[in-house]
1. Where the accessible area of the chain is counted over protein heavy atoms with a 1.4 Å probe, how much of it, in %, is carbon and sulfur?
2. Apply the Karplus curve 6.51 cos²θ - 1.76 cosθ + 1.60, θ = phi - 60°, to the phi angles in the range 238-246 and return the couplings in whole Hz, x for Gly and Pro.
3. For the chain, with every protein chain kept in place, what is the accessible area per residue (1.4 Å probe, Å²)?
4. Which longest run of the chain has no exposed loop site in it, a site being GluC sites (Glu not before Pro) in a DSSP loop with at most 14 other beta carbons within 10 Å, and the site itself not part of the run?
5. From the phi of every residue in the range 177-188, what ³J(HN,Hα) in whole Hz does the Karplus formula 6.51 cos²θ - 1.76 cosθ + 1.60 yield, where θ is phi - 60° and glycine or proline is x?
6. Straight-line reach only, C-alpha to C-alpha below 18 angstrom: list the lysines that residue 21 could link to, leaving out same-chain residues fewer than 8 apart.
7. From the phi of every residue in the range 108-114, what ³J(HN,Hα) in whole Hz does the Karplus formula 6.51 cos²θ - 1.76 cosθ + 1.60 yield, where θ is phi - 60° and glycine or proline is x?
8. What FRET efficiency do you get for residue 225 and residue 72 if R0 is 22 Å and r is their Cβ-Cβ distance, rounded to the nearest 0.05?
Amino acid sequence: MTETILDRIKAQKLVEIASDKATMPLNLIEDAARNADEIRPFAESLRRAQATGYGLIAEIKKASPSRGLIRSDFDPAGLAEAYERGGATCLSVLTDMSFFKGAKPYLTQARGASRLPVLRKDFIYDPYQIVEARSLHADAILLIMATLDDAQAAELEACAMEWGMDVLVEVHDREELDRALKLRSRLIGVNNRDLRTFETSLDVTRALAQHVPDECLLVSESGLHAPEDLRAMAEAGARSFLIGEALMREENVEAATARILADPVLA
Ligand SMILES: O=P(O)(O)OC[C@@H](O)[C@@H](O)c1c[nH]c2ccccc12
């Protein structure tokens with residue numbers, strides 16, 4: 001079987017986790033997590049936003065494997081402030097260094113510059129990374145079903161919930177959705193991008209939204225570039241969106257965020 005990008009990411013991540021454990025043992029990370037800032041309500045903030053409109057998770061992403069460098073003028077704190085002023089509901093911050101040019105301090109910098117709840121956007125395989133996320137003051141973490149079996153996902157979800165964090169469970173097809181719905185989290189992200197091939201299609205949300213139970217909060221992620229895209233996702237049943245590149249490419253991130261949320265197409 002040909003090695004996919006996900007295989008390469010996993011191999012690299014496991015090396016990084018082993019190194020992190022050696023330099024910062026779990027007991028120290030747990031101490032830091034216990035003393036971290038109070039958790040901000042990530043899922044609840046999205047639910048509140050959806051009651052009167054739409055939830056927007058605005059992503060702080062410098063680069064990606066599929067698009068290369070996205071934003072050179074990259075200041076996580078400034079971007080967080082701009083997203084908040086523009087009306088974003090929550091933030092997502094890439095902490096993966098090797099493939100997305102993210103960094104763990106970016107999350108803490110972004111969180112310290114706004115009042116918004118923050119998701120640690122990374123490839124999570126080990127409970128250590130979850131405790132580490134809390135030590136960085138993260139309010140939520142991402143579990144990507146394409147990278148985890150059911151037992152791993154359940155163990156990681158339990159750890160995140162033990163630390164009080166919300167869990168965004170990410171799926172790309174019906175099989176992954178059915179597995180995600182066996183977990184406790186009711187926060188489901190449909191990634192329009194296939195992380196193995198980078199192929200991106202809004203039809204992924206169109207196909208899966210109908211199978212997401214009403215008690216879940218559905219987030220449509222990736223490939224959302226114009227209000228018409230959001231309108232299409234809203235018509236498919238999503239009332240929360242995760243946008244990265246389209247906003248990261250904007251000179252004025254605040255204005256771009258405000259423009260998307262105020263667009264009559266979404267009315
Ligand atoms: O830049 P976009 O096309 O707006 O996509 C944002 C976000 O959905 C994407 O960065 C993402 C979704 N799930 C992920 C998992 C890992 C890394 C990145 C992601």
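1. Details: 5540 of 11220 Å².
Its accessible area is 49 percent carbon and sulfur atoms.
2. 8, 10, 9, 9, 10, 10, x, 3, 4
3. Working: 11220 Å² over 267 residues.
Heavy-atom SASA per residue in the chain reads 42 Å².
4. Details: sites that count: 3, 38, 199, 215, 251.
Longest stretch, sites excluded: 39-198.
5. 3J(HN,Hα) across the range 177-188, in whole Hz: 4, 4, 5, 4, 6, 7, 7, 7, 4, 9, 10, 10.
6. 10, 13, 104
7. 5, 5, 4, 5, x, 9, 8
8. Numbers: r = 20 Å, r/R0 = 0.89.
Rounded to the nearest 0.05, the efficiency is 0.65.
The values are calculated or read from the model by the stated rules, or taken from the named source; none is laboratory data. Since we're looking at a predicted model, the values are computed, not measured. Positions of Cβ are backbone-derived with ideal geometry, glycine not excepted, and every protein chain shown enters the neighbour counts. These area figures cover heavy atoms from the full protein model, side chains too; ligands, DNA and RNA do not enter into them. Shrake-Rupley method; radii C 1.70, N 1.55, O 1.52, S 1.80 Å.
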